[in-house]
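Data block below; observations after.
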Amino acid sequence: MIKRIVKLEIKPNKIEEFKSQFDTNRNQILSFKGCHSVQLLQDINNDCIFFTHSLWETENHLNSYRNSDFFNSVWSKVKLLFNNKPLAWSLIEIL
């Protein structure tokens, strides 16, 4: 399993729009083959910092999602809400 964590810093005046977009697209992300879960997390000390956490069967499943028309469409809208460049990690559990 691959755990994908993406850190996103959202413009303060775009936080509610970002949450709404995530909520709108969450089920479609979950419908991608190999996706087991997807969550949106918010920093407790900085309302502008979010993390997405998703669980994928394999890196190929994750890359199929990342290379999809759906992802490109959503990303083109969401990236307008960013305050900084996102950071992303793909991880495997070792213990």
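For residue 95, the criteria (1) open to solvent by 50 Å² or more (accessible area, probe 1.4 Å); (2) part of a strand (DSSP E or B) hold in every case but one, which is (2).
One residue stands out among those in the stretch 29-52 that are of a type outside the set (A, V, I, L, M) and touching a residue at least 40 places away in the same chain (Cβ under 8 Å): the one that is surrounded by the fewest Cβ atoms within 10 Å (Cβ to Cβ), which is 51. Applying the condition of being part of a helix (DSSP H, G or I) and touching a strand residue (DSSP E or B) at 6+ places or on another chain (Cβ under 9 Å) to the stretch 68-82 and asking which residue is surrounded by the fewest Cβ atoms within 10 Å (Cβ to Cβ) yields 81.
Contact map, the stretch 53-68: residues that are over 17 Å from residue 26 (Cβ atoms) and in contact (Cβ under 8 Å) with a residue 40 or more places away in the chain paired with residues that are among the hydrophobic types (A, V, I, L, M, F, W, C) and open to solvent by 90 Å² or more (accessible area, probe 1.4 Å), Cβ distance under 9 Å, separation 6+ or inter-chain. Pairs shown: 57/1; 58/1. Determine whether the stretch 56-67 contains at least one residue that is surrounded by fewer than 16 Cβ atoms within 10 Å (Cβ to Cβ), assigned to a loop (DSSP other than H, G, I, E, B) and either at pLDDT below 95 or β-branched (Val, Ile, Thr) (or both). Looking for residues that are surrounded by fewer than 16 Cβ atoms within 10 Å (Cβ to Cβ), assigned to a loop (DSSP other than H, G, I, E, B) and either at pLDDT below 95 or β-branched (Val, Ile, Thr) (or both), one finds at least one in the stretch 56-67, hence yes.
No other residue among 35, 48 is touching a Pro at 6+ places or on another chain (Cβ under 7 Å) and at pLDDT 95 or above apart from 48. Only one entry in 86, 12 is open to solvent by 70 Å² or more (accessible area, probe 1.4 Å) and modelled with pLDDT of 95 or more, namely 12.
The values are calculated or read from the model by the stated rules, or taken from the named source; none is laboratory data. This is a predicted model, so every value here is computed, not measured. All Cβ positions, glycine included, derive from the backbone under ideal geometry; neighbour counts span all protein chains shown. Ligands, DNA and RNA are stripped out before the accessible areas are found, and what is left, the full protein with its side chains, is counted by its heavy atoms. Shrake-Rupley method; radii C 1.70, N 1.55, O 1.52, S 1.80 Å.
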